[in-house]
């Protein structure tokens with residue numbers, strides 16, 4: 001397959017089989033060239049009273065990288081189940097190949113180009129359990145870390161049990177780690193409300209990835225929860 005290197009077009013609008021798709025728009029630097037790739041398209045569609053993802057993956061090849069082009073208006077509950085299935089197929093297909101990864105696409109307003117963020121190895125937990133409960137139930141795996149749970153809702157974000165004001169998440173999180181970690185490696189545990197739009201999900205994901213380093217790790221488990229089943233999510 002040829003290299004993929006797109007120039008950003010107005011509103012990050014792409015067409016496939018006469019359907020239109022708007023990828024997230026972010027001021028975040030990412031990967032801008034991928035060789036040997038296939039693409040998955042997830043279009044926004046309303047069916048009855050439900051928002052669904054209309055998916056096209058006919059041309060995916062297991063031995064290539066997979067790029068997920070997802071409409072930014074889709075909620076996580078409409079896309080995560082399919083993404084999990086595709087991850088498994090990509091990793092376990094007859095022609096799957098080591099060194100081939102999964103990537104989300106977005107429009108980078110810094111470089112004015114389509115860019116990519118790798119999410120290979122991420123496991124989406126969709127059983128409506130929050131990370132703080134999971135850590136307690138699996139404490140032996142996290143004893144050596146300073147653990148912080150981050151929760152992302154459509155209307156608010158939380159660091160552990162502290163609600164953040166708009167625009168202060170990154171600064172507060174870094175200050176919190178510096179003050180409280182006492183030199184231990186920090187592990188961030190990400191919790192996403194299933195009603196969160198994909199645009200906001202990718203914004204928060206790239207924001208958290210931008211502060212990760214050998215001393216600040218991100219758990220490869222991402223907790224996707226139903227707010228109706230998690231009374232202590234701070235969703236209101």
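Surrounded by 11 or more Cβ atoms within 10 Å (Cβ to Cβ) and in a loop (DSSP other than H, G, I, E, B) - does that describe any residue in the range 133-140? Checked the range 133-140: no residue is surrounded by 11 or more Cβ atoms within 10 Å (Cβ to Cβ) and in a loop (DSSP other than H, G, I, E, B). Any idea which residue in the range 25-44 is farthest from residue 209 (Cα to Cα), counting only those that are surrounded by fewer than 16 Cβ atoms within 10 Å (Cβ to Cβ) and without any contact (Cβ under 8 Å) to a residue 60 or more places away in the chain? So, considering only residues that are surrounded by fewer than 16 Cβ atoms within 10 Å (Cβ to Cβ) and without any contact (Cβ under 8 Å) to a residue 60 or more places away in the chain, the one farthest from residue 209 (Cα to Cα) is 35. Residue 220 meets the conditions (1) within 27 Å of residue 41 (Cα to Cα); (2) outside any strand (DSSP E or B) in every case but one. The failed one is (2). Considering (1) modelled with pLDDT of 90 or more; (2) in a strand (DSSP E or B); (3) surrounded by 13 or more Cβ atoms within 10 Å (Cβ to Cβ), the lone condition that residue 14 does not fulfil carries the number (1).
Checked against the criterion of being at pLDDT 95 or above and surrounded by fewer than 18 Cβ atoms within 10 Å (Cβ to Cβ), the candidates 161, 226 yield just one match: 226. Scanning the range 196-210 for residues that are surrounded by fewer than 18 Cβ atoms within 10 Å (Cβ to Cβ) and part of a loop (DSSP other than H, G, I, E, B) yields one hit, 210.
Filtering the range 166-195 to residues that are out of contact with any helix residue (DSSP H, G or I) (no Cβ under 9 Å at 6 or more places or on another chain), farther than 24 Å from residue 143 by Cα and assigned to a helix (DSSP H, G or I) leaves only 171.
Annotation: of all residues in the range 56-100 being surrounded by 18 or more Cβ atoms within 10 Å (Cβ to Cβ) and free of Cβ contacts under 8 Å to residues at least 40 places away in the same chain, the one that is nearest to residue 22 (Cα to Cα) is 68.
The values are calculated or read from the model by the stated rules, or taken from the named source; none is laboratory data. Please read these numbers as outputs of a predicted model, since none were measured by experiment. Don't worry about glycine lacking a Cβ; one is built from the backbone with ideal geometry, like all the others, and counts go over all protein chains shown.
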